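Take a look at the structure below.
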Amino acid sequence: ALRTGQVRNILWSIDMFSFEYGPDATRFPDFPFHLYDRDATTISKYLLSGTTLLNSVKVVCGDGPKDLEARHVWHHKSTFGQEQVFAKWRSDVIYRSNKPDNDDIAWQSVEKQVVDAIRKHPEIQFTFVLPPYTALYRVSELVAPRNQFASRMQFKRKLAQSLLQFPNVEVYDFETVHEITHDFQRYM
């Protein structure tokens with residue numbers, strides 16, 4: 001999309017989980033990157049794509065997203081509320097993996113995927129949103145091995161400082177909005 005030269009504003013939700021797989025990883029391996037190629041084979045790659053065929057069959061059978069806006073929408077399949085939040089919290093506290101977070105890998109990802117994009121595109125206004133996690137989730141990070149809460153907060157501080165050095169960047173952190181983070185009806 002950036003290669004088109006037509007993008008003027010980017011709204012980007014961002015957190016450490018987005019980057020812990022490394023600078024060359026993608027969150028959705030089925031994303032159709034080939035559709036952004038500007039060559040003659042793009043149409044055939046799309047029409048002959050197994051993923052496209054599978055998604056088309058799902059839609060025809062009444063299963064699957066009906067449009068691109070619904071592709072990764074899952075909220076209608078989940079139950080939200082205090083009971084679910086407390087059950088998940090107990091599970092996180094009891095069964096939390098001892099696998100250490102690798103902040104260096106996450107930061108390499110931020111540098112490659114985010115900071116480089118900002119640096120290369122000063123003509124674009126970037127607005128970053130740090131999503132609000134339930135306050136109880138942050139408590140589970142406090143009791144986790146290695147105090148993951150401190151690690152997350154250091155990451156957020158470093159991220160904000162790095163991004164805000166650019167004049168075309170705004171950062172909004174909803175973590176401190178207690179009306180959201182303390183309202184368990186908003187979480188599953």
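The values are calculated or read from the model by the stated rules, or taken from the named source; none is laboratory data. The structure presented is a predicted model; accordingly, all values stated were derived computationally and were not measured. Neighbour counts are summed over all protein chains in view; Cβ atoms, including those assigned to glycine, are modelled from backbone coordinates with ideal geometry. Note: accessible area is taken over every heavy atom of the protein model, side chains too, but ligands, DNA and RNA are not part of it. Shrake-Rupley method; radii C 1.70, N 1.55, O 1.52, S 1.80 Å.
Under the condition of being in contact with a His (Cβ under 9 Å, 6 or more places away or on another chain) and either at positive phi or modelled with pLDDT under 75 (or both), the residues counted in region 20-56 number 4. Scanning region 57-95 for residues that are open to solvent by less than 50 Å² (accessible area, probe 1.4 Å), out of contact with any Lys or Arg (no Cβ under 6 Å at 6 or more places or on another chain) and at pLDDT below 70 yields Ala70, Asp92. Count of region 99-124 residues, restricted to those that are of a type in the set (Gly, Ala, Ser) and either buried (at least 16 other Cβ atoms within 10 Å of the Cβ) or within 30 Å of Gln185 (Cβ to Cβ) (or both), is 2.
Filtering region 152-187 to residues that are without any contact (Cβ under 8 Å) to a residue 12 or more places away in the chain, within 20 Å of Glu123 (Cα to Cα) and open to solvent by less than 100 Å² (accessible area, probe 1.4 Å) leaves only Leu164. Scanning region 106-145 for residues that are of a type in the set (S, T, N, Q) and either at pLDDT 95 or above or under 20 Å from Asn9 (Cβ atoms) (or both) yields Gln113, Gln125, Thr127.
Within region 125-139, being under 20 Å from the mean Cα position of the chain (by Cα) and either of a type outside the set (A, V, I, L, M) or surrounded by fewer than 17 Cβ atoms within 10 Å (Cβ to Cβ) (or both) holds for Gln125, Phe126, Thr127, Phe128, Val129, Pro131, Pro132, Tyr133, Thr134, Ala135, Tyr137, Arg138.
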